[in-house]
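Remarks on the structure that follows.
The values are calculated or read from the model by the stated rules, or taken from the named source; none is laboratory data. Remember, predicted model here, so these are calculated numbers, not experimental data. Every residue, glycine as well, gets a Cβ built from its backbone with ideal geometry; the counts of neighbours run over all protein chains shown. Accessible surface areas use protein heavy atoms only, side chains included; no ligands, DNA or RNA. Shrake-Rupley method; radii C 1.70, N 1.55, O 1.52, S 1.80 Å.
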Amino acid sequence: RRIEAITAEGAEQYVRNEIGKMKLSFVKPYHIEQWQASLLTRFSARTVSGVRAMLGTAFQRALRQRLLSRNPVRDAETVKFKRAEKQCFDREQALTFMSECQGSIGLLLKTMLNTGMRPEEVMAVRW
């Protein structure tokens, strides 16, 4: 599966292609669920959830402006996704890893393992 960054412009494209062709008042929760299912064939659940949130905000604004009587996104089933369980080295794996780390990259990796720092935190360290 291809990884794509969703930007405001990109999200607009995914909404416009299916939901955007309908009259606002005709969009029902069923349509939102069908649209989500179609996006899930191309994108991760997290990505679809993010685009759905943007669409929900747009419908909520239309609701506040009295262009709609209900928000179909709010009434549609949400996208379900599971967080991946984090895996850690056991003691033997950590020792093997440390013995294989070489050079400046190895130093960064050892620092991460010994401190629990994330990659972006290690890269921000000024030596």
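Measuring nothing but protein heavy atoms, the accessible surface of region 32-127 at 1.4 Å probe radius is 53 percent carbon and sulfur.
Over the chain, Cα pairs under 8 Å with separation of 6+ residues give a relative contact order of 21 percent. Relative to the longest principal axis of the Cα atoms of the chain, helix 45-64 runs at roughly 40 degrees.
Taking trypsin sites (Lys or Arg not before Pro) across region 65-115, the ones in a DSSP loop with at most 15 further Cβ atoms lying within 10 angstrom of their Cβ are R66, R70, K80, K82, R83, K86.
Relative to the longest principal axis of the Cα atoms of the chain, the long axis of helix 8-18 lies at roughly 40 degrees.
So which GluC sites (Glu not before Pro) in region 31-126 end up in coil per DSSP with only 14 or fewer other C-beta atoms within 10 Å? Mind dumping the intermediate values first?
Numbers: sites: E33, E77, E85, E92, E100, E120, E121; in loops: E77, E85.
Filter output for region 31-126: E77, E85.
Determine the per residue accessible area of region 23-126 with all protein chains present and a 1.4 angstrom probe, expressed in square angstrom. Walk me through the numbers before you get to the answer.
Numbers: 7920 Å² over 104 residues.
With all protein chains present, region 23-126 gives 76 Å² per residue.
For region 110-117, backbone phi angles converted through the Karplus equation (6.51, -1.76, 1.60; θ = phi - 60°) give residue-by-residue couplings of 5, 4, 4, 5, 6, 9, x, 5 Hz, Gly and Pro being listed as x.
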